[in-house]
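Enquirer: Pasting in a structure now, in structure tokens, and then I'll have a few things to ask.
The values are calculated or read from the model by the stated rules, or taken from the named source; none is laboratory data. Remember, it's a predicted structure, so these values are computed and weren't measured experimentally. We place every Cβ from the backbone using ideal geometry, glycine too, and count neighbours over all the protein chains shown.
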Amino acid sequence: MDIISQEIREFVSGKVGWVATVGPQGVPNLAPKGTVEVLDGETIVFADFFSLKTRSNLEKNPKVAVAVIEASPPSGFQFKGQAELVSSGDLYDAVAAKIKAAVPQLPFPKCVVKIKVTEIYSLSPGPQAGQKIA
């Protein structure tokens, strides 16, 4: 069943996502990702190029949160789910090719992080602020 609506898919397109992970000692890590995109109705992905802490944390604990926001007008969504690190295969090849076509000077990603979204929260001001929407 699709948890990510068409409205949310369109919102995420072209925006930076902020990825939150937690290390083994409980230390949080937050990192911006310019390659966040919706793969399908229940999956988001991003490419990992230089994120040693993010990747290391996800190898030990696949729980992740991703926030995608827009400053004006203020709005956004937070996605929570389970991450899988993908370093080869069709998904990796497709994401790497898309990024290389857009920004040829970037190296190939170390991996693609595939997130099965289990919850979505509103980050927009108003009566639904902070509430679970899916």
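Enquirer: In the range 66-119, which residues are of a type in the set (Asp, Glu) and under 20 Å from Asp40 (Cβ atoms)? Before you say what the answer is, go through the steps one by one.
Expert: Step one: filter the range 66-119 for residues of a type in the set (Asp, Glu), giving 70, 84, 90, 93, 119.
Residues satisfying the conditions are Glu84, Asp90, Asp93, Glu119.
Enquirer: I'm told Ser51 meets every condition in (1) crowded, with 18+ Cβ neighbours inside 10 Å; (2) small (Gly, Ala, Ser); (3) at pLDDT 95 or above except one. Can you identify the failing condition by its number?
Expert: Result: Ser51 fails condition (3) only.
Enquirer: Of the residues that sit in the range 66-77 and are closer than 22 Å to Thr118 by Cα and in contact with a Ser or Thr (Cβ under 8 Å, 6 or more places away or on another chain), which one is surrounded by the most Cβ atoms within 10 Å (Cβ to Cβ)?
Expert: If we take residues in the range 66-77 being closer than 22 Å to Thr118 by Cα and in contact with a Ser or Thr (Cβ under 8 Å, 6 or more places away or on another chain), then Phe77 is surrounded by the most Cβ atoms within 10 Å (Cβ to Cβ).
Enquirer: Looking at the range 49-106 only, could you name the residues that are more than 29 Å from Ser122 (Cα to Cα) and small (Gly, Ala, Ser)?
Expert: Within the range 49-106, Ser87, Ser88, Gly89, Ala94, Ala96, Ala97, Ala101, Ala102 qualify.
Enquirer: Pick from the range 46-65 the residues that are touching a helix residue (DSSP H, G or I) at 6+ places or on another chain (Cβ under 9 Å) and assigned to a strand (DSSP E or B): which of them is farthest from Gly14 (Cα to Cα)?
Expert: Filtering the range 46-65 for residues that are touching a helix residue (DSSP H, G or I) at 6+ places or on another chain (Cβ under 9 Å) and assigned to a strand (DSSP E or B), the one farthest from Gly14 (Cα to Cα) comes out as Val64.
Enquirer: Still on this structure: Sort out which residues of the range 20-43 are of a type in the set (A, V, I, L, M, F, W, C) and in contact (Cβ under 8 Å) with a residue 60 or more places away in the chain, and write them in order of number.
Expert: Leu39
Enquirer: Next up: I'm checking my understanding of the structure. Among residues of the range 17-38 that are farther than 17 Å from Leu106 by Cβ and touching a helix residue (DSSP H, G or I) at 6+ places or on another chain (Cβ under 8 Å), which one is modelled with the lowest pLDDT?
Expert: Pro24
Enquirer: Could you check Ile3 against (1) more than 16 Å from Lys114 (Cα to Cα); (2) part of a loop (DSSP other than H, G, I, E, B) and say which number it fails?
Expert: Against the list (1) more than 16 Å from Lys114 (Cα to Cα); (2) part of a loop (DSSP other than H, G, I, E, B), Ile3 comes up short only on (1).
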